[in-house]
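Since every read-out is calculated from the coordinates, none of them should be taken as a lab result. Since the structure is predicted, the reported quantities are computational estimates derived from the model, not experimental observations. For neighbour counting, all protein chains shown are included, and Cβ atoms are generated from backbone atoms with ideal geometry for every residue, glycine included.
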Amino acid sequence: MNKEKDIVVLGIESSCDETAAAVVVNGRDVRSNVISSQIALHTLYGGVVPEIASRKHIEKINQVIEEALTEAGMTLDDMDAIAVTYGPGLVGALLVGVAEAKAISYAKNIPLVGVHHIEGHISANYIENKDLEPPFLCLVVSGGHTHLVKVQDYGKYEILGRTRDDAAGEAFDKVARAIGLGYPGGPKIEKISHEGNPHAVEFPRAKIADDPYDFSFSGLKSAVLNYLNGCKMKNIEIVPADVAASFQQAVTDTLIEHAVRAIDEFKMDKFAIAGGVASNATLREGMRKACEERGVAFYHPSPIFCTDNAAMIGVAGYYEYLAGTRSGLDLNAVPNLKLGER
Ligand code: KG4
Ligand code: ZN
């Protein structure tokens, strides 16, 4: 019997502060996953500086792609498609990946597939969970996004809820800065929280009156800032580990409460988490327990596939490629691209 030909995708990601390339075979088999992180550079400024990010992407992208191909033991001639993040993200940063992908596509005559960054984050779940197939519910929590999504099929999404203001990761980053932990805040808050009491300060769990699935984290962020200011004015000692742990608990409780509501209402038997904040152990364990209690299978990517990477773009690109999606050489960066839009 003839084995069907493998479909090999080169994924490229440059939407924020990681320059990344990966080779993915048949949508699930990651042959290489190279990530050049700019975190150390941006830490100096307390957050991502868009101009610096774009410049660094230009310096790194060729090298990162070459490394991804070498690690996979392949060349551009083995690629069936080039998948690239074209939004949402920082426009200058996105443009570097998009221009690179278009150049390769044109020079080598390889089909080009533009990928939505959030679709990439969701698709990261397919890498290590070979049995996972839509439909399922997914909570996408990153530095730029907080979405509760019904994944109806590959490439077919219904957004149930989204943040009205700050993203969950953004709240982690801002609170970390306020308690002097620096950027990126998520991992630092998680680490220091191990020594803190999550019930030391009862921060608010915001509810949106007209939409139970939407999120709001700016009130929580302000509550933390007010608490810190109040302590300083009253000369009360601030215990950063307690503040971090209490904040982390408030975010986690809110995310899980929304997730559980969706599980109960939509009666889906699979739930996944994705995005940088999905590497947080408190969130993972809370979600795992909530799913277990309801007989729902729980999925999450390893931390390396939670934060920005190109393997997830290669996976999403594979399914888009199978569905017939092809981008032209007029593909442009779309900084505020909506999920499900082309
Ligand atoms: O997915 P990602 O790499 O980039 C975006 O698409 O935004 O997510 C980065 C975000 C940052 O806000 C970072 O603080 C947060 O994810 N993050 C975490 C953890 N690791 C990264 N938040 C909480 N706990 C973590 N362990
Ligand atoms: Zn991301």
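Of note:
- Trypsin sites (Lys or Arg not before Pro) restricted to the stretch 116-172 and DSSP loop, no more than 15 other C-beta within 10 Å: 130, 164
- Among 33, 62, 235, residue whose mean-square fluctuation peaks in a GNM of the chain (springs only between Cα atoms under 10 Å): 235
- Relative contact order (percent, whole number), the chain, Cα cutoff 8 Å, 6+ residue spacing: 25
- Computed helical MRE - 222 nm, the chain, DSSP H runs ≥ 4 contributing -39500 (n - 2.57), nearest 500: -13500 deg cm²/dmol
- Residue among 99, 40, 297 with the largest mean-square fluctuation in a Gaussian network model of the chain, springs linking Cα atoms under 10 Å: 40
- Listed by Cβ neighbour count within 10 Å, with the fewest neighbours leading, 166, 211, 242 appear as 211, 242, 166.
- The stretch 198-342 pair-distance distribution - Cα-Cα, 10 Å bins, rounded %: 9, 27, 31, 21, 9, 2, 0
- Projected label points at residue 205 and residue 5, each 7 Å from Cα along the beta carbon direction, are separated by 5.4 nanometres.
- In summary, the chain shows an alpha-carbon radius of gyration equal to 1.00 times the 2.2 N^0.38 Å reference for compact globular proteins.
- Entries of 5/60; 108/338; 56/108; 60/188; 130/191 with Cα pairs more than 28 Å apart: 5/60; 108/338; 130/191
- Extension gain, residue 29 to residue 269: 0.36 nm times the residue separation minus the Cα-Cα distance gives 83.9 nm.
- On the beta carbon distance between residue 164 and residue 322, with R0 = 45 Å, the FRET formula returns roughly 0.80.
- Filtered trypsin sites (Lys or Arg not before Pro), the stretch 262-327: DSSP coil and at most 15 other beta carbons within 10 Å: 267, 294, 326
- Loop-located trypsin sites (Lys or Arg not before Pro) in the stretch 192-252 (DSSP state not H, G, I, E or B) with no more than 10 neighbouring Cβ atoms inside 10 Å: 234.
- Between residue 45 and residue 238, residue separation times 0.36 nm minus the direct Cα-Cα distance comes to 67.0 nm.
- As a rough footprinting exposure proxy, the listed residues 173, 165 were ranked by other beta carbons within 10 Å of their own, and the order from fewest upward is 165, 173.
- Evaluated with a Cβ-only charge set (Lys, Arg +1; Asp, Glu -1), the chain carries a dipole of roughly 440 debye about its Cα centre, given to the nearest 20.
- Between the stretch 287-318 and the stretch 48-85, the Cα center-to-center distance that results, in Å: 24
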